[in-house]
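*Asks:* I'd like to ask you about the structure that follows.
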Amino acid sequence: MMKKLLGLLFSVLILLCSCNSNVVPQIDISEKYYYMPTTVTFDNGSRGDTLARFNVENGRITTLCPDPLCDHSTECPFFGVVNYTVDGDIIWFQRYMIDDNIDYICQYDIASGKLRTLAKYEDDGYSYAFKFGYLWKYFSHNDPTANDLSVRISLSEENFDDPEKIDPSKIPFAQVGDIYYYAVRGAYNSPATEVRAMYTDLTDDWRVADGVFSMNFTYYNGYVYYIEKETLMRVSVDEEITGVPVNTKESVKADVGAFFFSNDMLFYLQNEGAEVEVIGWDEYLEEEVKNTYGGKIWRANPDGSKAKVFTETDGYVISKSMLSNAQVGSRLVVRYGCWKEKQRDGATFKAWRAAEGGLLVVNLDDGTYEAYSVFDE
Ligand SMILES: [Zn+2]
């Protein structure tokens, strides 16, 4: 009886402690989670817009907030997350709270449940990104003549009080050793509409990797890859690795919507052209809904050779913004769209919403997939 009473007392103490954000959550840490800020109804019936994680093995989605009594609204420490990065069991994230117009930079240790606020910034026009072990604070306006300095803050050194000033006011898309790769608009006397991939060691002169008209650059094995007018192109930036002179451009694959590299292979969405299936009518946008990429993910060698369908889903609509390199172990997490009930002028109708729907988990070893309708319809 005494033991039972003690147990009860402990339970009450644990419940009381759970109001404090330092409670240790019962969460296991392993390579099976895909993290995302999302609004969903969680298993405990609560519904909120928090940083959540999706278990790629069983499709369950749970909030990172360890407090069982929390309603995950504005008071929740995981509410309003707009940027984040995960390294093992440590998560850094930026929350923007619209009421006080402040960006909070926080760190959460999943193992210990310890949540720290590292910095608070009153909204001053900067944007933020977590990349390559740094928090980058930069101006996101599009004035090509502006020469605003950005700063970067080492996440391991936490130099928030003395951030490192950095030029240009951009964030790099790739890092290879000491070299950072940037997408720069209107650089080197080119028109302001052109975006070029450029690279620098941040102390040296800038060098141009001559890609244009793209915001989606990827570095892979001595080349910068990018899509120019639906053609996947690559340009050599390292002759020692590629064996071809730098700035040599070549086309890799036509009619590509999105791409990424994994397991030394190129994965991509291929526009089906004349074969595209019309799957409905979007009454909201008043246009045909097409399954442009046929629900297929293709795989090829990095030079585009030996291309074949890697995953053929059962008609899921994957649009190009939904194929990003969201890799968890040997699985890829891809978003698909769905039909959504809409209201206009008092009438209810179904419209296609590309950004909602669910998640496909594709096994990158054999191409098999599972579909999970995790978002509320
Ligand atoms: Zn919460």
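The values are calculated or read from the model by the stated rules, or taken from the named source; none is laboratory data. For clarity, every value in this text was computed on a predicted model and none was experimentally measured. Quick reminder, even Gly has a Cβ in these numbers, built from the backbone with ideal geometry, and neighbours come from all protein chains shown.
*Asks:* Just one of D109, D99 is over 19 Å from the mean Cα position of the chain (by Cα) and over 28 Å from L332 (Cβ atoms); which is it?
*Replies:* Details: D109 fails: over 28 Å from L332 (Cβ atoms).
Of the residues listed, the single one that is over 19 Å from the mean Cα position of the chain (by Cα) and over 28 Å from L332 (Cβ atoms) is D99.
*Asks:* Okay, next question. Name every residue in the stretch 249-268 that is in a strand (DSSP E or B) and farther than 20 Å from D365 by Cβ, in order of residue number. Lay out the reasoning, then the answer.
*Replies:* Let us first name the residues in the stretch 249-268 that are in a strand (DSSP E or B), namely 249-253, 256-262, 265-268.
Listed by number, the residues that qualify are K249, E250, S251, V252, K253, V256, G257, A258.
*Asks:* I've got another one for you. In the stretch 276-299, which residues are within 23 Å of the chain's Cα centre (by Cα) and either assigned to a strand (DSSP E or B) or within 23 Å of Y223 (Cα to Cα) (or both)?
*Replies:* Within the stretch 276-299, N291, K296, I297, W298, R299 qualify.
*Asks:* With the checklist (1) at pLDDT 85 or above; (2) more than 19 Å from the chain's Cα centre (by Cα) in hand, flag the one item S169 doesn't pass.
*Replies:* Among (1) at pLDDT 85 or above; (2) more than 19 Å from the chain's Cα centre (by Cα), the lone unmet condition for S169 is (1).
*Asks:* So, in the stretch 50-65, how many residues would count as being more than 10 Å from the ligand (Cβ to nearest atom) and either buried (at least 23 other Cβ atoms within 10 Å of the Cβ) or part of a strand (DSSP E or B) (or both)? Break it down stepwise before answering.
*Replies:* Step one: list which residues in the stretch 50-65 are more than 10 Å from the ligand (Cβ to nearest atom), which gives 52-62.
Narrowing the set further to residues that are either buried (at least 23 other Cβ atoms within 10 Å of the Cβ) or part of a strand (DSSP E or B) (or both) leaves 52-56, 61-62.
Of the residues in that region, 7 qualify.
For (1) within 22 Å of the chain's Cα centre (by Cα); (2) on the phi < 0 side of the Ramachandran plot; (3) at pLDDT 75 or above, each residue gets a yes or a no:
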site: Y182; (1), (2), (3): yes, yes, yes
site: V195; (1), (2), (3): yes, yes, no
site: T218; (1), (2), (3): yes, yes, yes
site: E228; (1), (2), (3): yes, yes, yes
site: T231; (1), (2), (3): no, yes, yes
site: T242; (1), (2), (3): no, yes, yes
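*Asks:* Quick test of your reading of the structure: E312 fulfils all but one of (1) charged (D, E, K, R); (2) touching a strand residue (DSSP E or B) at 6+ places or on another chain (Cβ under 7 Å); (3) at pLDDT below 90. Name the failing condition by number.
*Replies:* Checking E312 against (1) charged (D, E, K, R); (2) touching a strand residue (DSSP E or B) at 6+ places or on another chain (Cβ under 7 Å); (3) at pLDDT below 90, the one that fails is (3).
*Asks:* For the stretch 72-112, which positions are surrounded by fewer than 20 Cβ atoms within 10 Å (Cβ to Cβ), at pLDDT below 90 and within 16 Å of the ligand (Cβ to nearest atom)?
*Replies:* Once the filter is applied, which keeps residues that are surrounded by fewer than 20 Cβ atoms within 10 Å (Cβ to Cβ), at pLDDT below 90 and within 16 Å of the ligand (Cβ to nearest atom), the stretch 72-112 yields S73, T74, E75, M97.
*Asks:* Mind listing just one residue for me: the one in the stretch 101-125 that is β-branched (V, I, T) and either part of a loop (DSSP other than H, G, I, E, B) or touching a Leu at 6+ places or on another chain (Cβ under 6 Å) (or both) and, of those, farthest from D87 (Cα to Cα)?
*Replies:* Of all residues in the stretch 101-125, those β-branched (V, I, T) come to 102, 105, 110, 117.
Right, trim to either part of a loop (DSSP other than H, G, I, E, B) or touching a Leu at 6+ places or on another chain (Cβ under 6 Å) (or both) and you get 105, 110.
Working: I105: 16, I110: 11 Å.
Here the residue is I105.
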